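Accompanying notes for the structure given below.
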Amino acid sequence: MAEKLYVFDTTLRDGEQVPGCKLNSIEKIEVARALEELGVDIIEAGFPISSPGDFQSVQDISKALTEPVICGLTRAVQKDIDVAVESLKYAKRKRIHTGIGTSYLHVYHKLMSTEEEVLERAVAAVKYAKKSVEDIEFYAEDAGRTDDEYLARVVEAVIAAGATVINIPDTTGYCLPAMFGAKIRYLKENVKGIDKAIISTHCHNDLGMATANTVTGVINGARQVEVTVNGIGERAGNTSLEEVVMTFKSHKDLNIDTSINTKKIHHVSRLVSSLMNMPVQPNKAIVGRNAFAHSSGIHQDGVLKKRENYEIIDPVVVGAHESSIVLTARSGRAALKHRLEVLGYSMDKEKLEEVYQRFLELADEKRDIGDEDLEFLMGDAEKEKVNIKLDLLQVVSGKDLLPVAVVKLDIGGKKYEASESGNGGIDAALKAAQAILNRDMQIHEVLIQTFTRSSAEIGKVHIQLRWEGKIYYGFGSHDDLITAAVEAFLDAVNKMAPVKATQPHYA
Ligand code: KIV
Ligand code: ZN
């Protein structure tokens, strides 16, 4: 039987500290409910003293959830603890997370204190919190850069004072995996009473090692991991929940498992990404758009022969769509043949070779090739496919003004125009384009990226449209973000089945 690893989710506390990620109280409850369904053991719901809003959401989440332990963060300060205790009043299971900086830098240059004084404050905070709540987690902030001997003294003292969980944060993301693992082992071997508490990891990703450090911490004796969905968090972020969970699921030999329902991972990732306005990088492990997409010919051939040749995780296990074979100029004959067979075309080697050569020519012109392009190649589709182009875009928006967009599209040389209002300039412009096309398609996802701090920088927009049960990807870039969005929309529309300019459904 595998040993249990407790998952402590801090998406709503460390994750929500990120500028631009602030959620309102309804959104926080939605995320908390999704985390409960995902099966996390502990939810750090906020830092109650930090603002009335944080206090309220810890209280709301305490009322709304039943399964996970609800945790409130505090400094080693009595007032913080009092407020956290009050905010957790309605929690069925509650935890106070209190602590103080222990590294030389934090002790002498942040707290302007001494090691003895900090140790006393740590013990006093734990004892004070213990009077109101049984489950007390202590964090030694900047433990990653704290001298091991001193850290061991602090940990021993707070366990004696009643701490049930000891959090060893690599606050600045400084540690290397071997260093962090050795630190946890040192505590396991040198702290009297360590077996009375659970050791927790809390790693930041400043050097891109948060997951590696967390996993090494667990291998060396930690039994709780502090994580966020999609790895969001201060600066470069925290350890990502999905990466740690899937690491232990994939390496059964480590004999450690979590209670996470992995099939919910993709759903929760998307929810957090969209509510917090934090796009997930396409190549992000487990939850990125390309995590299960194969584009090179050799890989496609291997995946088609046996998925495991190039995939260590079955996408279905994390709630993602099945592996996708993206047909590009780098795809081989095996991938093309497979896709054509799915579409109902079978052919001999000679015919395949001929289609493959035409496919390569088309793939050189287009970024990726969709089913309708293949049908076109096979001669079934309308030969003169009409490309829809943006001819004119005019948007009026501003404070207290209803955004209105006028869009003119060029469809096979004919011009069609519509105007719509919307929630913002992009919404209005896409609605106007949609009004012209008059197709029953839905926007599945919009990802907006700008890459520098300059307001003059190019905006890039990725869009996914759902039409007749299929998803179509589009991309647009322009120094005007709304134009980029309309270009992305049309890029996706142009990948759909060919249409004629004379079709009656245009506005
Ligand atoms: O990174 C950190 O040290 C923290 C503590 C407050 C646990 O977030
Ligand atoms: Zn942190």
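The values are calculated or read from the model by the stated rules, or taken from the named source; none is laboratory data. This is a predicted model, so every value here is computed, not measured. Note that each Cβ is placed from the backbone with ideal geometry, even for glycine, and that neighbours are counted across all protein chains shown. Remember, those area values only see protein heavy atoms, side chains included, never the ligands or the DNA or RNA. Shrake-Rupley method; radii C 1.70, N 1.55, O 1.52, S 1.80 Å.
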For Ser113, what residues show an amide H to amide H distance below 5 Å, using hydrogens built from the backbone and excluding near sequence neighbours? Tyr108
In terms of modelled amide H atoms, which long-range or inter-chain residues lie less than 5 Å from the amide H of Asp391? Lys408, Leu409, Asp410
With viscosity set to 1.306 mPa s at 10 °C, what whole-number translational diffusion coefficient in µm²/s follows for region 19-174 from Stokes-Einstein and a Kirkwood radius over Cα pairs? 100 µm²/s
Mind listing the long-range amide H neighbours of Tyr310? Cut-off is under 5 Å, sequence gap 5 or more, other chains count too, H placed in the peptide plane at 1.01 Å from N. none
Normalised per residue, the volume of the convex hull around the Cα set of region 3-275 (Å³): 112 Å³
Once both label points are put 7 Å beyond Cα along the C-beta direction, the Asp391-Ala64 separation in nm becomes 4.8 nm
Report the extension gain between Gln281 and Ser324 in nm, rounded to one decimal, defined as 0.36 nm multiplied by the number of residues separating them, less their alpha carbon distance. 13.7 nm
Of Lys110/Lys264; Lys249/Lys495; Lys284/Lys351; Lys192/Lys264; Lys4/Lys130; Lys28/Lys89, which pairs sit farther than 30 Å apart, going by alpha carbon to alpha carbon? Lys110/Lys264; Lys249/Lys495; Lys284/Lys351; Lys192/Lys264
Expected unfolding gain across Asn290-Ala124 under the 0.36 nm per residue rule, minus the alpha-carbon gap, is 54.8 nm
Pop out the ³J(HN,Hα) list for region 131-140 in order, Karplus 6.51 cos²θ - 1.76 cosθ + 1.60 with θ = phi - 60°, rounded to Hz; leave Gly and Pro as x. 5, 10, 10, 6, 8, 10, 9, 10, 10, 9
Aspartates and glutamates within cross-link reach of Lys399: Cα-Cα under 19 Å, excluding same-chain residues under 8 positions apart? Glu420, Asp427, Asp480
Counting only protein heavy atoms with a 1.4 Å probe and every protein chain in place, the carbon and sulfur fraction of the accessible surface of region 388-493 in whole percent equals 47 percent
Whole-Å semi-axes of region 16-57's equivalent ellipsoid (Cα gyration tensor): 18, 12, 10
How large is ³J(HN,Hα) for each residue in region 31-36, as worked out from phi by the Karplus curve 6.51 cos²θ - 1.76 cosθ + 1.60 (θ = phi - 60°), to whole Hz, x for Gly and Pro? 5, 4, 5, 5, 5, 4
Please report, in whole Å³, the volume per residue of the convex hull around the C-alpha atoms of region 32-95. 66 Å³
What is the chain's relative contact order, in percent, from Cα pairs under 8 angstrom and six or more apart in sequence? 9 percent
Taking every eigenvalue of the Cα gyration tensor of region 293-377, multiplying by 5 and rooting it, what semi-axes result, largest first, whole Å? 23, 13, 12
Peptides ranked, highest mean first, by Cβ atoms within 10 Å: ranges 199-206, 306-313: 199-206, 306-313
Give the span of region 388-493's Cα atoms along each principal axis, as three whole-Å numbers ordered largest to smallest. 38, 27, 26
The chain - Rg and Dmax from Cα coordinates, angstrom: 27.1, 83
Per the 1.4 Å probe, what fraction of the accessible area of region 3-275, in percent, lies on carbon and sulfur atoms? 52 percent
How charged is the neighbourhood of Ile159? Take every other residue with its Cβ under 9 Å from the Cβ of Ile159, and add Lys/Arg as +1 and Asp/Glu as -1. +1
Taking max minus min of the Cα coordinates of region 256-323 on each principal axis, largest first, gives extents in Å of 37, 29, 19
In square angstrom, what is the accessible area per residue of the chain with a 1.4 angstrom probe? 46 Å²
For the chain, give me the percentage of DSSP beta bridges that are antiparallel, rounded to the nearest 5 percent. 50 percent
Can you give the percent of C-alpha pairs in region 335-427 whose distance is more than 19 Å? 58 percent
Estimated vicinal HN-Hα couplings, Hz - region 371-377 in sequence order (Karplus 6.51, -1.76, 1.60; Gly, Pro = x): 4, 5, 5, 5, 4, 4, 4
So, with a 1.4 angstrom probe, what is the percent of accessible area on region 293-377 that is carbon and sulfur? 50 percent
